[in-house]
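A.B. asks: One structure follows; several queries about it will come next.
The values are calculated or read from the model by the stated rules, or taken from the named source; none is laboratory data. All values reported here derive from a predicted model rather than from experimental measurement. All Cβ positions, even for glycine, are placed from backbone atoms using ideal geometry, and neighbour counts span all protein chains on display.
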Amino acid sequence: MIHNVYFWLKPDLTTEQRSTFETELMHLLEIDYLEHGFAGKPADTEKRPVTDHSFSYSLTLHFKNMQDHEFYQKDCPKHKRFVDACKTFWDRVMVYDSSPLH
C-alpha cells in the first residue's frame, strides 16, 4: 500500500518554520515498519501540461499492508507529532493512496 502526500506550504513561513517542517517530515521516514519512505520537493523536470510542480513537498510511504497504514493514521506517535508540529505550516494537503493491482 502506497501513501502519497503532497503539501503546499504557506508562502510567508520563516526559514525556521520551513526547517522545522523538513526535520519533522524526515522523522516520518524513520518509522520502523515502513517498507520504504521518500520525502522530496518538486523535481526540476520539464514543464508539461501533465506535470504539476505547484506543491512544496511530497512524502511517499510504502506500507507492507493496510493494517500498518491504519496504525500509522490512528496511533503512530511520529505521525501525531508531525501533524501537531506542522499543521499550521500548510495551506493545502492532498493524499493519494494506492493498493496493488494484484
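A.B. asks: Counting only residues that are in contact (Cβ under 8 Å) with a residue 60 or more places away in the chain and in a helix (DSSP H, G or I), which one in the stretch 69-94 is farthest from THR20 (Cα to Cα)?
C.D. replies: HIS69
A.B. asks: Condition first: charged (D, E, K, R) and either in contact with a helix residue (DSSP H, G or I) (Cβ under 7 Å, 6 or more places away or on another chain) or closer than 16 Å to PHE63 by Cα (or both). Now tell me which residues in the stretch 10-35 satisfy that.
C.D. replies: Those that are charged (D, E, K, R) and either in contact with a helix residue (DSSP H, G or I) (Cβ under 7 Å, 6 or more places away or on another chain) or closer than 16 Å to PHE63 by Cα (or both): GLU24, GLU30, ASP32, GLU35.
A.B. asks: Now a separate question. Against the definition (more than 11 Å from the chain's Cα centre (by Cα), assigned to a helix (DSSP H, G or I) and of a type in the set (Ser, Thr, Tyr)), how does SER54 come out, yes or no?
C.D. replies: On the way: more than 11 Å from the chain's Cα centre (by Cα): yes; assigned to a helix (DSSP H, G or I): no; of a type in the set (Ser, Thr, Tyr): yes.
For SER54, the condition - more than 11 Å from the chain's Cα centre (by Cα), assigned to a helix (DSSP H, G or I) and of a type in the set (Ser, Thr, Tyr) - is not met.
A.B. asks: With respect to PHE38, is the statement that it is in contact with a strand residue (DSSP E or B) (Cβ under 9 Å, 6 or more places away or on another chain), hydrophobic (A, V, I, L, M, F, W, C), closer than 14 Å to VAL5 by Cβ and assigned to a loop (DSSP other than H, G, I, E, B) true?
C.D. replies: Criteria not met by PHE38.
A.B. asks: Filter the stretch 49-63 down to residues that are among the aliphatic types (A, V, I, L, M) and under 21 Å from LEU34 (Cα atoms) and give me whichever is surrounded by the fewest Cβ atoms within 10 Å (Cβ to Cβ). Show your work before the answer.
C.D. replies: First, pick out the residues of the stretch 49-63 that are among the aliphatic types (A, V, I, L, M): 50, 59, 61.
The next check asks that each one be under 21 Å from LEU34 (Cα atoms); those that pass are 59, 61.
Values: LEU59: 20, LEU61: 23.
So, considering only residues that are among the aliphatic types (A, V, I, L, M) and under 21 Å from LEU34 (Cα atoms), the one surrounded by the fewest Cβ atoms within 10 Å (Cβ to Cβ) is LEU59.
A.B. asks: Checking the conditions here, which among PHE7, PHE38 is surrounded by fewer than 17 Cβ atoms within 10 Å (Cβ to Cβ) and within 9 Å of LEU59 (Cα to Cα)?
C.D. replies: Within the list PHE7, PHE38, the selection yields PHE38.
A.B. asks: If we keep just the residues of the stretch 23-35 that are out of contact with any Gly (no Cβ under 7 Å at 6 or more places or on another chain) and not in a loop (DSSP other than H, G, I, E, B), which is surrounded by the most Cβ atoms within 10 Å (Cβ to Cβ)?
C.D. replies: Across the stretch 23-35, the extreme among qualifying residues is LEU25.
A.B. asks: Where residues in the stretch 64-101 are over 12 Å from the mean Cα position of the chain (by Cα) and aliphatic (A, V, I, L, M), which of them is surrounded by the fewest Cβ atoms within 10 Å (Cβ to Cβ)?
C.D. replies: The extreme case among them is LEU101.
A.B. asks: Considering every residue within the stretch 5-17, establish whether at least one is within 20 Å of TYR96 (Cβ to Cβ), modelled with pLDDT of 95 or more and in a loop (DSSP other than H, G, I, E, B).
C.D. replies: Scanning the stretch 5-17 turns up no residue that is within 20 Å of TYR96 (Cβ to Cβ), modelled with pLDDT of 95 or more and in a loop (DSSP other than H, G, I, E, B).
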